Amino acid sequence: MITVVAGPCGAGKTTWILQELAQIPTPAVYVTPGVGSAPIDATRVQARCPQVEIFDHQSETELLQRLTAGVPAYFELGFQLETDIPLLATRPHRRVALVAEENQETSWQLWADTVIQGNPSTLDLQAAQLWRAPLSGQVFDSPSLDTFWQELTQGAYGEVHRAKGIFEQSDGQAFHLDFMNSLPGNAYTELNLPRCVQGRPNRFSGLEVVGQGLDEGAIAATLKDCYLSDSLLAAHQATLKDSVPLEVA
Amino acid sequence: MNIAVLSCIHSNLAALEAVLRDIDQQSVDQIYCLGDLVGYGPYPNEVVARIRELDIPTCQGCWDEDIVDGLNACDCSYPSLLAETRGHLAHEWTNREVTPETRAYLASLPLTLQQDNLCFVHGSPHSQHEYLLPDTSAFIALERVLATGADTLFCGHTHVPYVRNLENSHLTLTAVHPATPSPSHSPTPLSSLKRIINAGSVGEPRHGRPHATYVIYDTDSQQAQLREVEYDYTQTCAAIREKGLPAIFAWRLSQGLEYAEKADDPTHVCER
Amino acid sequence: MTHWAILSGINGNLSAYEAVLADLKRVRYQVEALYILGDLVGPHPHCETLVHRVRQPHRGELEPQVCLGWWEEQCFNLHGMGSDPEATELLKQAGPDGVEQLWKSVSRQTVQWLRSLDFGFFEFDCLLIHGSTVGCHDVLTPETPPMQLLDRLLRADANTLFCGRSGLTFHLQIPAGAVTSTVTTLDAPAQTMTQTVSDRQIVGVGSVGKEPGKATYTLYSPYTNAVSFRTVRYGNQGKGFGAI
């Protein structure tokens, strides 16, 4: 079974797929076409469901093999993407749209086999800005990141509709931060990934912000002020080493 | 007698003027100020001139001290790297801006003021950098009042105003060694009512609204009135941007968030 | 039952330290840890030898855990690494001769090592420190106001505080205390709560080197919470360590 999931920005596509994957005990495939440099959703899926294979457009041959073998597959479409996928032209698939009632235009109804209630979106696609920052290798000072995230999501750098990111913290853990302006609060989830306690992490982390009137320069500059320098990182990691025997004892 | 107590003006002239106007409408006999006249905001010299013109008894805040002595707050007094970077930017800007006269005045400020059974400090009697928060241990809070010998301790520094009464206190201390002839095991009553009054912040509020806060205290009835004064903070926000201070300070002011956040560990006092 | 031996104020007095080590071999308890709560050094001609002895324990001896004290801070001041480069506090206490003697007693190399020492130790629910978390200069004695003693415990979130700055041996207990606090804020009506404390203690661990011929130190069992003090006579009392 192939499922293609689409919906407006912040509708809850990845969350819905994660719920589906949690109910599938067998191997499965997750495909996010076209987010090569900022695979935030894919990283989140991989951390939550390690048995799931992740694909983007780079590895089409292998993906075709899985599809032919009938492995359950979930395609997550970016909100800014076309909903046509050549790969699926000749394959039977189920189309799921996550759309809030107030966002239900006829185009979603026409495209989807199933429309599921998603988070409401007030994004004006014409005026929307999408800003991405790859942050791989950067480790954050946690209290600084908290301040930055508060400022970002409360509008200090322009109107933010949606923000999501994966951030490395000084304790060696990676976190997924998720903000959607139509939902209260922020989701803050520790990712089930190995702790990186030696040097800089060698895995993806990054930030994606969707909004209007974003002061991208200020966002980037503030992010930089939250990075741990090599020496600070080493000092944090030294204290982690000291505390490890205590934890064991 | 009614006294008005102001703290943490932080170079915000519009907020200070609004508070002074509010004081004019109350029957206030004397004004005191708990320091942090400068730092973060756009009008350090003007604020100092106004305080001097009105001859307001003032104690020295941690920002006033830093402008006099150079930045000697340790890194650990900032709760985050971001706050540290911003604090340094604000310090450097203020340091360039202040006149020798302003600096000399700030240097002349005492750490503590005492008037009858009232004591006035910036942070705590022990340090300008110590935060006395409403949820600081009641024993620690009481120790700070007892250390001054006064009944009521006025402080600022946290930027959120409150009144805290401390009463019915007792503590038993037993000497096991060297053994006292008859060790007392009964609780020793410590004192009658003691009080901490935090005056909040005139120029950099942190109670979630952008309005200035201060306190009026009636020394006869011993009643404290926490005052919140609305003013046109957009003037200060505009000046922050125009004068080259970090624009984020303007945003934080408009949200009622302190420019740099408060310390996580309020009792941490830098060793330097 | 195993114990901690807690020392302070050796002040460069090698004979006194040797006397305490010898005493430790005599005590009935097994001693599992040896703490030196600062003032390892001081204006004493044997300072360098003492530091070497502490850093290089003999076979079968415990490795001492040393933290900073008031005299270590004075060394930092003299070597331009401290918070009081004019050494005003030292001048006040020891005079110009004392300053000169300290300068001669502790080498720069030793000062570098002292710089690597901790400010204090936190083990189980015990803070082990020279003065208090307020600083090495903080003197706690049985005469210190009780609320101030409690403050020093609460600052560190410790049930037991071991300190050495006064040089005295003392053991004070705070079995109980309470304060009622009522807080009023702009946005919330008055809220009253009563805070209590119980079963805290403060121990002055004595001084090994301060008084010639007489060293005092502390034994503590973290398992039974028992505190005992040891007094060791040495040198002129004919224990064979010679006069200072």
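Values computed for the structure shown
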{"read-out": "Average beta-carbon neighbours from other chains, 10 Å sphere, peptide C:132-140", "value": "1"}
{"read-out": "Mean Cβ count within 10 Å, highest first, over the residues of peptides C:51-63, C:34-46", "value": "C:34-46, C:51-63"}
{"read-out": "Compactness relative to 2.2 N^0.38 Å, alpha carbon Rg of segment A:2-116", "value": "1.01"}
{"read-out": "Equivalent ellipsoid semi-axes - Cα gyration tensor, segment C:11-61, angstrom", "value": "21, 11, 10"}
{"read-out": "Within segment C:55-73: backbone nitrogen closer than 17 Å to the C:Ser107 label point (7 Å, Cα to C-beta)", "value": "C:55-57"}
{"read-out": "Estimated FRET transfer efficiency (A:Leu110, A:Gln150; beta-carbon r; R0 56 Å; 0.05)", "value": "0.90"}
{"read-out": "Kirkwood Rh, angstrom, segment B:104-245 [1 / mean 1/r, Cα pairs]", "value": "17.5"}
{"read-out": "Ordering of C:119-126, A:155-162, B:57-64 by burial proxy (mean other Cβ atoms within 10 Å per residue, highest first)", "value": "B:57-64, A:155-162, C:119-126"}
{"read-out": "Estimated distance in nm for a label pair at A:Ser231 and B:Thr99, the labels positioned 7 Å out from Cα along Cα-to-Cβ", "value": "3.9"}
{"read-out": "In Hz, Karplus ³J(HN,Hα) per residue of segment B:85-97 (6.51, -1.76, 1.60; θ = phi - 60°; x = Gly, Pro)", "value": "4, 5, x, 5, 4, 5, 5, 4, 4, 5, 4, 6, 7"}
{"read-out": "Within segment A:65-137, GluC sites (Glu not before Pro) in DSSP loop having at most 10 other beta-carbon neighbours inside 10 Å", "value": "A:Glu82, A:Glu105"}
{"read-out": "Rg/Rh (Cα only; Kirkwood hydrodynamic radius) as it applies to chain B", "value": "1.01"}
{"read-out": "Among the listed pairs A:Lys241/C:Lys25; C:Lys92/C:Lys214; A:Lys13/A:Lys224; B:Lys194/B:Lys243, those beyond 32 Å (Cα-Cα)", "value": "A:Lys241/C:Lys25; B:Lys194/B:Lys243"}
{"read-out": "For chain A: rounded, prolate or oblate by the Cα gyration tensor [a/c cutoff 1.5]", "value": "oblate"}
{"read-out": "Mean separation of Cα contacts under 8 Å, 6 or more apart, over the residue count of chain C: relative contact order %", "value": "23"}
{"read-out": "Per-residue mean of C-beta atoms belonging to partner chains within 10 Å, peptide B:78-90", "value": "5"}
{"read-out": "Calculated SAXS-style log₁₀ I(q)/I(0) at q = 0.07, 0.08 Å⁻¹ - the protein assembly as shown, Debye, Cα scatterers", "value": "-0.68, -0.85"}
{"read-out": "Amide H contacts of B:Val38 (H built 1.01 Å from N, under 5 Å, at least 5 apart or other chain)", "value": "B:His10, B:Ser11, B:Asp64"}
{"read-out": "Interchain or long-range residues, amide H under 5 Å from A:His161's placed H", "value": "A:Val210, A:Gly211, A:Gln212"}
{"read-out": "Within a Gaussian network of chain B (alpha carbon springs, distance under 10 Å), most fluctuating of B:Asn198, B:Asn95, B:Asn117", "value": "B:Asn117"}
{"read-out": "Ordering of A:215-222, A:60-67 by burial proxy (mean other Cβ atoms within 10 Å per residue, highest first)", "value": "A:215-222, A:60-67"}
{"read-out": "Global size of segment A:181-234 as Cα Rg and Dmax, reported in angstrom", "value": "14.8, 40"}
{"read-out": "Rounded if a/c under 1.5, otherwise prolate or oblate - segment B:83-144, Cα gyration tensor axes", "value": "oblate"}
{"read-out": "Residue-by-residue Karplus 3J(HN,Hα) for segment C:188-205, coefficients 6.51, -1.76, 1.60, Hz, glycine and proline x", "value": "10, x, 4, 10, 10, 8, 10, 9, 10, 10, 8, 6, 10, 8, 10, 10, x, 8"}
{"read-out": "Averaged over C:197-204, number of beta-carbon atoms from partner chains that fall within 10 Å", "value": "2"}
{"read-out": "Directionally averaged projected area (convex hull, Cα atoms, chain C), nm²", "value": "15.9"}
{"read-out": "Fluctuation leader among B:Leu193, B:Leu20, B:Leu109 - chain B, Gaussian network, Cα springs under 10 angstrom", "value": "B:Leu193"}
{"read-out": "Scattering profile of segment A:129-248 at q = 0.11 Å⁻¹ [log10 I(q)/I(0), Debye over alpha-carbon scatterers]", "value": "-0.38"}
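Just so you know, all these numbers are worked out from the coordinates, no wet-lab data involved. It should be emphasised that the depicted structure is a prediction, and the values quoted were computed from it without experimental measurement. For neighbour counting, all protein chains shown are included, and Cβ atoms are generated from backbone atoms with ideal geometry for every residue, glycine included.
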